[in-house]
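Enquirer: Here you go, one structure.
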Amino acid sequence: MKRNSRIYLIRHGQIEGYENIPAYGHTDVGLTETGLLQMEHMCDRLRLLDITAIYSSDLKRSASGAHIISRHHNVPLHFLPKLREMYFGDWEGMALSQVRELYSEELNKRQEDLLNYKIPGGGETISLFADRVNLCFKRILSDQQGNDFVIVGHGGVNRIILCDALGLDLSRMFNINQDYGCLNIIDYSNDYTLVRLING
């Protein structure tokens, strides 16, 4: 069967402060030297693709990767706030160890209701985060019907798109690994979705 569209779904490269496992949702941080090299490598991997557009979160860790990948492709670049990572509220910018120390009770609540738990300080629930990402992605897919395109996203964003493509419940999203600078490939047609590569 002929596919209608293929998405090359990329996670941004390694970020500054990565060693602390930070909750950088909407926090705007740059890439490390390794992260930039990962995006240079991705640029080389994708240089011969026939794509029609590149989409990215508007946060610089993704946007910088989109700019690098675009060097071999004279196509429109779209930077969309709705493709941002999940917003972590009061946990924004904290290392995982800090969150565990200061919000242990809240983490237990989150574990009990992963999809609907709301982080203090106006954080997103995973359910609302998924609604935001899926609505944006479906609009992109509709706009790019019949085309191949690139999205430079975030770990959470990519997992949501992959869960939908695989028919997995959102509660399984953290069973999908997304390394810095990884590539996923998904084919879409009118009657099937085929995941060709995860975390490649």
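Read-outs: derived from the displayed coordinates by stated rules, not from any lab. All of these numbers come straight from a predicted model, not from anything done at the bench. FYI the Cβ positions are ideal-geometry reconstructions off the backbone, even for glycines, and counts take in every protein chain you see.
Enquirer: Where a Cα-Cα gap under 28 Å defines reach, which lysines qualify for Lys60, not counting those fewer than 8 residues away within the same chain?
Expert: List returned: Lys82, Lys118, Lys138.
Enquirer: For the chain, what is the mean residue ellipticity at 222 nm derived from helices alone (per DSSP H run of n ≥ 4: -39500 (n - 2.57); sum divided by total residues; nearest 500 deg cm²/dmol)?
Expert: Numbers: 6 runs with 69 residues, N = 200.
Calculated at 222 nm, the ellipticity per residue is -10500 deg cm²/dmol.
Enquirer: Principal axis lengths of the chain from Cα atoms, whole Å, largest first?
Expert: So the extents along the principal axes, rounded to whole Å, are 50, 39, 24.
Enquirer: Against the longest alpha carbon principal axis of the chain, how many degrees, from 0 to 90 and to the nearest 10, is the axis of helix 126-143 turned?
Expert: 10 degrees
Enquirer: Fewest Cβ neighbours within 10 Å first, please rank Thr193, Thr27 accordingly.
Expert: Numbers: Thr193 13, Thr27 17.
Ranking Thr193, Thr27 by Cβ neighbours within 10 Å, fewest first, gives Thr193, Thr27.
Enquirer: Could you work out the relative contact order of region 88-149? I mean the mean sequence separation of Cα pairs under 8 Å and 6+ apart, divided by the number of residues, in percent.
Expert: The normalised contact order for region 88-149 reaches 32 percent.
Enquirer: What is the mean projected area of the alpha carbon convex hull for region 1-75, to one decimal in square nanometres? Write out the running numbers ahead of the final one.
Expert: Numbers: hull surface 24.1 nm².
For region 1-75, the mean projected area of the Cα convex hull comes to 6.0 nm².
Enquirer: Could you list the square roots of 5 times each eigenvalue of the Cα gyration tensor of region 95-138, that is, the equivalent ellipsoid semi-axes, sorted largest first and rounded to whole Å?
Expert: Semi-axis lengths for region 95-138 are 24, 11, 8 Å.
Enquirer: Round to the nearest 10 and give me the degree value, 0 to 90, for the angle of helix 155-166's Cα axis relative to the longest principal axis of the chain.
Expert: Between the helix axis and the principal axis of the chain, the angle is about 60 degrees.
Enquirer: Another one. In percent, what relative contact order does the chain have, based on Cα pairs under 8 Å that are 6 or more apart in sequence? All intermediate terms of the calculation are to be shown ahead of the outcome.
Expert: Details: 384 pairs, mean separation 67.1, N = 200.
The normalised contact order for the chain reaches 34 percent.
Enquirer: With a cut-off of at most 10 other beta carbons within 10 Å, and DSSP calling the residue loop, which trypsin sites (Lys or Arg not before Pro) in region 60-150 qualify? Please list them. Present the calculation step by step, with values, prior to reporting the outcome.
Expert: Details: sites: Lys60, Arg61, Arg71, Lys82, Arg84, Arg100, Lys109, Arg110, Lys118, Arg132, Lys138, Arg139; in loops: Arg84, Lys118.
Answer by residue number: there is no such site.
Enquirer: Give, to the nearest whole percent, the P(r) tail of region 65-164 beyond 21 angstrom, counting all Cα pairs.
Expert: More than 21 Å apart: 44 percent of the Cα pairs in region 65-164.
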